[in-house]
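Please treat every number below as a calculation from the coordinates, not as lab data. Model, not experiment: these values are computed from the prediction. Glycine gets a Cβ as well: all are built from the backbone with ideal geometry, and neighbour counts include every protein chain shown.
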Amino acid sequence: MSSTMIRAYNMKAVVIHQFVSDYDEVVVSEVEPPKQQDSVIIQVKAAGVNFVDTLYARGKHQNNRSLVRPPFTLGLEFAGTILSVPASAPADFPFRAGDHVFGDGLGAYSEQVALSLTAASQSLHLVPPTWSFADAAGLAATLPVSYGALIAQGGLKPGETVLVLGAAGGLGVMAVQVAATLGCRVIGVAAGAEKCAVVKSCGAEACVDYSVPSSAEWWMDVNTLTDGCGVDVVFDPIGMVEKSLKCLAHRGRILIVGFAARDETSLEKVPMNRVLLKQAQLIGYRYGESSRRYPEEKAKLWKELQPFMRTIRATRASRPVAGLSCSPFMSHQKIVLGLDSGDVVPEVQQVSS
């Protein structure tokens with residue numbers, strides 16, 4: 001198959017040679033480009049910055065126990081141009097050199113990434129015509145997680161009331177849009193008027209600003225907004241199950257997708273008597289683990305996502321970082337933990353041909 005010439009000299013990548021204790025230790029390395037044989041090679045144009053990346057760098061993610069060990073290249077989602085497709089690809093392989101694609105897979109903080117034919121078939125998707133590379137780069141690790149948790153795992157139905165915590169973050173803005181598109185009433189929780197404006201622009205009926213000093217506890221505001229009935233479903237990527245139970249309707253569901261507001265020293269201890277009294281369901285969802293164990297589910301999920309792709313609006317942080325350099329990674333903790341208005345998207349330096 002046709003291909004674009006791939007340069008033979010070294011390229012830049014953010015390689016974790018050993019787990020770090022300080023983000024200043026994360027540096028850009030010169031590495032050899034990926035080999036062409038039997039791999040799809042993508043020139044990375046933009047890469048998303050996710051909270052999970054900070055955990056991977058420090059060795060604090062559950063995957064660091066076996067699946068992700070040094071040395072490895074950081075980055076979980078990317079968008080770019082296919083440089084080459086191996087001659088061994090079947091005739092019905094859905095991608096060609098020159099296609100604009102986005103996808104997920106470890107190693108996105110690099111000028112080029114390589115995927116096996118199987119991985120490419122499962123992880124790559126064409127960039128929507130009206131989207132930029134930067135728009136698409138923050139999609140592969142957010143939209144399927146939010147959709148999978150709400151629809152596939154949570155059984156969300158039209159007409160239900162959904163509470164989205166961390167609603168201005170990468171997962172949150174997608175959860176708001178998925179629920180609103182399905183015909184649900186959506187209430188978001190975020191910090192600050194600017195972030196609440198983002199949440200409402202994505203389809204939320206209301207957004208509780210928990211940063212206002214004079215405001216009541218956010219769960220009390222949610223109860224007020226629901227006339228004391230509570231919400232049917234809580235989407236929780238930050239780790240607020242205990243407080244969510246206080247504004248959950250009887251027989252409601254709490255979808256646990258992360259603990260971004262916590263670390264290993266502050267994980268929740270949930271009072272199970274409250275779970276029993278409300279006959280609540282606590283439902284965990286891990287998109288990555290589900291994809292590894294049940295690849296057919298991943299394919300089904302992305303097929304179901306296609307109608308949503310026509311209406312989902314790309315949201316990006318107001319502070320993208322241009323160029324593959326140390327800067328976005330040395331301040332990685334500040335960027336990711338201090339800004340929840342969407343993924344920070346470093347524009348990765350283009351590869352010369």
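At-a-glance table
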| quantity | calculated |
| --- | --- |
| Mean separation of Cα contacts under 8 Å, 6 or more apart, over the residue count of region 11-138: relative contact order % | 32 percent |
| Cβ-based charge dipole, region 11-138, positive-most Cα from GLN122, SER29, GLY138 | GLN122 |
| Debye equation applied to the C-alpha atoms of region 142-289, log10 I(q)/I(0) at 0.13, 0.14, 0.16 Å⁻¹ | -0.50, -0.58, -0.78 |
| Highest average packing first - 48-58, 300-310, 171-181, Cβ atoms within 10 Å | 171-181, 48-58, 300-310 |
| Value of relative contact order over region 145-264, rounded to a whole percent, pairs C-alpha under 8 Å and six or more apart | 24 percent |
| Protection proxy ranking of 225-232, 290-297, 159-166 - average other beta-carbon atoms within 10 Å, highest first | 159-166, 225-232, 290-297 |
